[in-house]
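The values are calculated or read from the model by the stated rules, or taken from the named source; none is laboratory data. Computed from a predicted structure; not experimentally measured. Neighbour counts run over all protein chains shown; Cβ positions are idealised from the backbone, glycine included. What goes into the accessible areas is simple: the full protein's heavy atoms, side chains included, and nothing from ligands, DNA or RNA. Shrake-Rupley method; radii C 1.70, N 1.55, O 1.52, S 1.80 Å.
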Amino acid sequence: MLKQTVTFSKDSSNLFFHILTKCNLSCSHCYINTKQHGANTLDIDTIKKWLTLFSKKSDLNKTNSNKIGQTNLIFLGGEPTLHPDLHLAVKEAKRLGFKSITIDTNGYLFHNILDKITPDEIDFLSFSLDGATRETNDAIRGKGSYDMVMEGIQKVVSKNFSCSMIYTVSDMNIHELELMPDVVKSLGINRFFIQVIGMRGKSSNPDGKRQVSRETWLSTIPKVAEAIAGHGIVVTYPKVFLTKDETFQCAGLVADNYFIFPNGRVYQCPICEDFSLHSYEIKNDRLIATPRINEKDLFNLTIPEGCVMNKMIQPQNLSYNKKGHPEYQIACCMLKEEISNISEREGGLNEITSDSGIQIGKPIEMVAIAVKKSAIRCKIISTGQPITFRKVRDEVEGEILTIKPSKVWRFQKTHYMTGEIISKKIDIPALKLEPLALADPWSWDPQNHYWGEPDEPVDPYFQPIINFGIRDAYEMEQIIPFQDPKDIDSDPILDASEFFNQGNQVEAFKIMEKILAVDLRCLDAHAHLGAWEFNRSKKKHEMIILKAKGHYEVGVNIGKLSLPENFNGLLPWGCIDNRPFLRCLHGYGLSLWRLGQPREAEKLFKKMLWLNPADNQGIRFLLADIDDGKTWYESTIFDD
């Protein structure tokens, strides 16, 4: 039996598309709120436009393969099969190339939907059942709904569609959850989802019917999940309660989840759906960010209880000690546990390790491609296979990590690993990157350069440069993924800088992560990341400075791939594409100096003057301070 936490991932997004809000049932726990979500039904042309709109939400969400190919689409309502053109929406989604397509249904399967779509066009039909008996289910969902689900599943399975089931747990039906393994074992379903009732929609005034206690949840849910998984069914359920050694993380800061409603509201957190806190709004078929305050402002808040929205809306699942401190944290509602019987499933743990060349306990080298808050997207150097490593400290993009794996697993098409980082190094040649091109050279004559007024002495740092005479000058190629060469204003680096300067550091770092995930040779991204880390602290926080140094060092070494051994040419600042490399050199030198290595910094700075004698970065002044024996802190006007 394999149990794993299904973590958030930027490599796969989820689009929950409510194409209407009307329904033939009136479930007592329904989260739909027509005042907030609208009562309209989207026409098929609008559905198609909105599907396309989200496939193009951000050019930064695309790599060489369209981001839409990494997006799981779920059609919802209300009851989505009430829409007469649902089959056309499915076909359009299939044409666009979504990663997976699911229809969530109450089992009534209106408009002969099974006759209008094929198993090749849809990945799952997911049925909602909230009781192991007719009595319990129908009391919650409506008379006759239990039989309709059972008949619907039988029809779906007989037509070779893949099928899943959703069971929303509350104190109205928790007593029957233990009966579900016997109910589902012979139905032919592939997946079983356990959900926790949310205090929104009709449940916001539940008349005593609420979420189950922590004790009941922990003593019941994992045990039932394992029993159902024993029948070869993959079971997914919310984490809900974090252990003391687990850290709270909000999916809104890490993952791409979008909940679209017919009135055009787009949320990123389902708990926010009862309020006008949506992140985006669709107007005139355009996706527009909403003004503050919205749910994004809440994602960045940190409280002892974990999820901010849970604390505000459904605090009854929290408990406090005598000192008023929470006894545990509530997990993000999007954090899931998954359990499966790997002996009966393709793609189990043993298969993953053998296919990938990974052996538990045997060190393996990987290069960091995108460093996130709680995970590092890597590539195994020997095979090029992508894998997500679930541990972060001060690693940077471009570093080679030697990791001793303790666990390897796969969720959908993404491989994950946990383990111990044994060592790390910067060895850019080992990555076999294509060097950045150098443009054809031109002659640079120091006699034609301005060295100051005629009656003033030449700075001693420049005299060797003048004496050397004529040299070749070059411009280094600059790589900026996602930049549109036809649009002069298209600059994702500038976009990230603007976000950072406006205080939205989360979005700024996201953009840089996506850029470097496409091409590590974007030196300007390394330079900016280094600068952001370098300026985070006014004091001697060595870990932060080391991370800044790492960003700069990676950029410097990528640039050096383009320079022949004993390169003696110029890379003038006046050539704009040289500036990212010069910024990396500058930041690397400052980091060395700040870390107490002035002689190493001095060597680097002197080399920089030879590369750019115009000294637009003021290197000669830094050299003067080093010669005077000053530390970086003594040289810098930096108030504590």
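Worth pointing out:
- For Q195, residues with placed amide H under 5 Å, excluding near neighbours: Y167, T168, V169
- Given their separation in residues at 0.36 nm each and the Cα-Cα distance between them, R214 and S443 gain 75.0 nm when the chain is fully extended.
- In a reduced charge model with +1 at each Lys and Arg Cβ and -1 at each Asp and Glu Cβ, region 135-217 shows a dipole moment near 420 debye about its Cα centre.
- Per residue, the chain exposes 46 Å² of accessible surface when a 1.4 Å probe is rolled over the protein heavy atoms with every protein chain present.
- At an R0 of 45 angstrom, the distance between the Cβ atoms of I466 and Q502 translates into a FRET efficiency of 0.50.
- The chain - percent of accessible surface contributed by carbon and sulfur, probe 1.4 Å: 48
- Furthest towards positive pole of dipole, Q70, W50, T21, structure part the chain, Cβ charges: T21
- Relative protection proxy for 520-526, 311-317, from highest mean packing down: 520-526, 311-317 (other beta-carbon atoms within 10 angstrom).
- Full-stretch length increase - R620, V157 - with 0.36 nm per residue and alpha-carbon distance subtracted: 159.1 nm
- Mean Cα-pair separation over length for the chain, i.e. relative contact order, pairs under 8 Å, 6 or more apart, %: 10
- Helical mean residue ellipticity (222 nm; -39500 (n - 2.57) per DSSP H run of 4+; nearest 500) of the chain: -9000 deg cm²/dmol
- The GluC sites (Glu not before Pro) of region 543-620 meeting both criteria, a DSSP state outside H, G, I, E and B (loop) and at most 11 other C-beta atoms within 10 angstrom of the site's C-beta, are E565.
- Ordering 220-226, 72-78, 231-237, 417-423 by mean Cβ neighbour count within 10 Å, with the highest value first, yields 72-78, 231-237, 220-226, 417-423.
- Peptides 167-179, 479-491, 114-126 ordered by average Cβ neighbours within 10 Å, highest first: 167-179, 114-126, 479-491
- Total charge dipole magnitude, the chain, about the Cα centre, Cβ charges on Lys, Arg, Asp, Glu only, Debye to nearest 20: 1740
- Full-stretch length increase - M543, K560 - with 0.36 nm per residue and alpha-carbon distance subtracted: 3.6 nm
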